[in-house]
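Some notes on the structure that comes next.
The values are calculated or read from the model by the stated rules, or taken from the named source; none is laboratory data. Bear in mind the structure is a predicted one, so any value in this text is a computation, not a measurement. Positions of Cβ are generated from backbone atoms using ideal geometry, with glycine treated the same way; all protein chains shown enter the neighbour counts.
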Amino acid sequence: MNPFIGGPTSQAFFQANISAGGFGTVSLQGTTTPCPPVTKQALEVTVVERIGEGVRPLGDHLIEVSRGQARYRLSSSAFGPARFEGLDSVTHGLTLVGIDQDAWDVMISEGLPERSITSNLPPDWRPPEDAQLGGGEHTVQPGEGVDKLALRFGHLPEFLWGYEPNAALRGARESRNTLHPGDKLHVPPRRPKQIDVVPGHHYVLVRKGTMSRLRLRIEVAFEPLDKARYLLEIPNFPTLSGPTVNGYIDVAVPASTSVVRVTIDGLPRPIELRLETLLPLRSDAGVQQRLHNLGMPCGRTDGTMDDQASAVLRRFQQIVKQAPTGAIDNNVRAALWNLHDRG
């Protein structure tokens, strides 16, 4: 019987080796010398995103350490590094699972404090799993733009939007975040990346492409409110503040942001805004969306021009000194581009 399977034979093997000094000692010319203990080490990993000149830890990113065919996975935390325990002091592989090679990089590699290096806890090695590289065709849903979709699919926005099968869509839309529900976006497969790491170290990985540009223009009677102090509150994100520039608030926010709250000095109450992907200006729904953003809600934003929507449009045309026809035309679109999109 194989002594490592169990049963009486393995017990006899174990006891025989104890009595013969087979574990933990080496016999040298009649003396007994203890074997040096095998020291295991820990490896720590933090995932962050850049915010201006600083960084912010990110949770819920799957980190994988590998050695040969074995895999050891932990999720990142926003409250501290993920700690991989009980590793041999040899080179291991490290990757961010589900993230394209261009969408992450090593920001810092530093030795752990002496007291944190040793680890006697067992590692949670698992067999390898089939790589899930994604890819395929995605039908755009309301509120989706390339920045949000790139974050979801593990790509950089520039790479996703520049993917060759998306050439026709690029030609049909003003920008990568002016998509229309029903648009077909082609998503390339992710390209895995693995780096060499050594236990006893702390690695900081930076996830790229997590931020998106938010541009708001604060106006009173279509006149920009310049140099007005603002506070911009975003759930689970540091509050942003500063002065408007020619009426604009132009900042970087998480690409996943869906709602913001803006407080402006001189205005009576805060403004809460739901951030929806801007529809193409060439669509009637995109025209209505921009009128709504300019404080002239049409009552609906599906492109239907009922009596209320036509009345709002006639009012807008009068303000911008156009003939008040109540019909959407290229002159209306040009005025909206100047007032809403440009900048």
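Just to be sure before I move on: is residue 311 among the aliphatic types (A, V, I, L, M) and either touching a Cys at 6+ places or on another chain (Cβ under 7 Å) or surrounded by fewer than 17 Cβ atoms within 10 Å (Cβ to Cβ) (or both) in the structure I sent?
So residue 311 passes the test.
Tell me, which residue of segment 136-166 that is of a type in the set (A, V, I, L, M), over 10 Å from residue 185 (Cα atoms) and part of a helix (DSSP H, G or I) is nearest to the chain's Cα centre (by Cα)?
By that ranking, first place goes to 151.
Are there any strands (runs of 3 or more DSSP E) wholly within segment 29-132 with 1 or more residues that are over 21 Å from residue 253 (Cα atoms) and not assigned by TED's automatic domain parsing to the domain that holds residue 251, and if so which?
In segment 29-132, the matching strands (runs of 3 or more DSSP E) lie at 31-34, 41-51, 62-67, 70-75, 82-87, 92-96, 104-111.
Return the residues of segment 321-343 that are in a loop (DSSP other than H, G, I, E, B) and modelled with pLDDT of 90 or more; say none if nothing qualifies.
Result: 321, 322, 323, 324, 325, 326, 327, 328, 329.
Could you grab the pairs with beta carbons closer than 9 Å, sequence gap of 6+ or different chains, first residue in segment 133-156 and aromatic (Phe, Trp, Tyr), second one modelled with pLDDT under 95 and in a loop (DSSP other than H, G, I, E, B)?
Once the first residue is aromatic (Phe, Trp, Tyr) and sits in segment 133-156, its partners that are modelled with pLDDT under 95 and in a loop (DSSP other than H, G, I, E, B) give 153/134; 153/135.
In segment 301-308, is there at least one residue being surrounded by fewer than 17 Cβ atoms within 10 Å (Cβ to Cβ), out of contact with any strand residue (DSSP E or B) (no Cβ under 8 Å at 6 or more places or on another chain), of a type in the set (Gly, Ala, Ser) and closer than 24 Å to residue 149 by Cβ?
yes
I'm trying to understand the selection: among the residues of segment 320-343, which are touching a residue at least 24 places away in the same chain (Cβ under 8 Å) and loosely packed, with under 15 Cβ neighbours inside 10 Å?
Scanning segment 320-343 gives 337, 343.
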